[in-house]
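Accompanying notes for the structure given below.
The values are calculated or read from the model by the stated rules, or taken from the named source; none is laboratory data. Predicted, not measured: the structure shown is a model, and the values here were computed from it. Cβ atoms come from the backbone with ideal geometry, glycine included; neighbour counts cover every protein chain shown.
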Amino acid sequence: MNLTTSSSVSSPSDAQVESAAPKSKGRRPPPGRDADLALKLQIASALASSGYCSRINVLLSATSSRGLADVTDIDVLAIRYDLMFKRETVAVSCKGGASKTLSPAREAFYLRGVLDYVEAGEGVAAFSQKTVAPHLRDLGQRLGILMLSGDEVGQWCQHLTNGLPDPGYFRESAYETYRKAWERLGNEGLTGYLNTDYWFYFDFRNLQNLIVHLRKISSRLNGKEDWQSVVAWDAAAHLCLTVFDLCRQVRMLGLASITDTTAAYLFGGAASLKARRDLYSRVQQLLASTGVAGQGGASLPPLEPAYSQGLAELALRFIERPHSAILIPTIIQDNFWRLLGAEGLPARDDKNFLAAEKLTQDLFDFIKTATGAPWMPRL
């Protein structure tokens, strides 16, 4: 998480903490290298092993440019869903240095703002080389932020994974392979969208935009190279989270209106959909009155995307099996990291998990149909 530094002098209590802070014994990372990468990977792995869908270096930006003026980023973002498809989010700020300009207090206040933006209840500020004073832990508690320092970071990760199998996610070499896979696709289009707009908005816009971007690259994805599989699985993970958002709206508004709710979701709400339909109708009437359309001549394309009905059917299948559906992100995550060399989670054959795998395949089948792609992964 990027945080502007202050030129003001630290308070006496901060200075006392600084003097007691442990000094880093490791080598300083080379220029351009993420100094906090190892810490991010460690925490993301622990949260993923605990049932979260985890990501690192999540940009909250509507542009591809980097800089303090362009919002910020989240070091580790972990998401999972309950049976009502309500999102539970954990955001983590990782700081591996012991610089005098690094202020746990400022970081806590800054992180609280980020948590509110992504609708996360609580967060974690991890300082592997910086001591956190007791009064700053009290501050963290009031802000809903767990303040961890030194060995506490590793202990917390061990507690999260205590008694759980290690699937081998987020190894540094595997993460580098992941980055290179997306580099093969290029920085524009789908890559740029998932790196910026997707997390900045994180709403209905992502569904149609993801389909459009996937449609543009569908001819390049044939499954013959590993990087194509990485891109397909990762894009499906993003789309799944957006479909869950739709499922929550359908669940709250009632299954009887699922077709209308799906159409409204795609256009940002019932009021927006009505306005578009009214405009669409007026344009049709205008074209007909001028002789441009009608009587076998040119006509307007449909207002709603061709995949709307298929999307509604997919959402209904998810809603009918919520215990299974909410496992889809972790199934995608497991298969994704297996592609990158991880051992993965132990095999399961219970009915709920098998149903979750079937729903995961339904998601890929929907993507294939909606985008016209010649290939999509099969479980």
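Look at the stretch 274-299: where a residue is surrounded by fewer than 10 Cβ atoms within 10 Å (Cβ to Cβ) and a partner is modelled with pLDDT under 80, sitting 6+ places away or on another chain with Cβ atoms under 9 Å, you get G291/G297; A298/V292. Out of the residues in the stretch 309-368 meeting the condition of being out of contact with any Lys or Arg (no Cβ under 7 Å at 6 or more places or on another chain) and acidic (D, E), tell me which one is nearest to A236 (Cα to Cα). Among those residues, the one meeting the criterion is D365.
The residue that is modelled with the lowest pLDDT, among those in the stretch 59-72 that are surrounded by fewer than 19 Cβ atoms within 10 Å (Cβ to Cβ) and of a type outside the set (S, T, N, Q), is A69.
Just the residues that are over 24 Å from R317 (Cβ atoms) and polar (S, T, N, Q), please, taken from the stretch 245-278. Listed by number, the list holds a single entry, S272.
Of all residues in the stretch 328-339, none that is assigned by TED's automatic domain parsing to the domain that holds L47 has its Cβ atom under 8 Å from the Cβ atom of a residue that is buried (at least 21 other Cβ atoms within 10 Å of the Cβ) and modelled with pLDDT of 95 or more, 6 or more apart or on another chain.
How many residues, within the stretch 315-370, are hydroxyl-bearing (S, T, Y) and more than 20 Å from I258 (Cβ to Cβ)? Residues in the stretch 315-370 being hydroxyl-bearing (S, T, Y) and more than 20 Å from I258 (Cβ to Cβ): 2 in total. If you filter the stretch 205-227 down to residues that are farther than 18 Å from G192 by Cβ and free of Cβ contacts under 8 Å to residues at least 60 places away in the same chain, you find that the one that is surrounded by the most Cβ atoms within 10 Å (Cβ to Cβ) is E225.
For the stretch 151-190, a residue qualifies if it is on the phi > 0 side of the Ramachandran plot and surrounded by fewer than 16 Cβ atoms within 10 Å (Cβ to Cβ), and the qualifying residues are G163, G186, G189.
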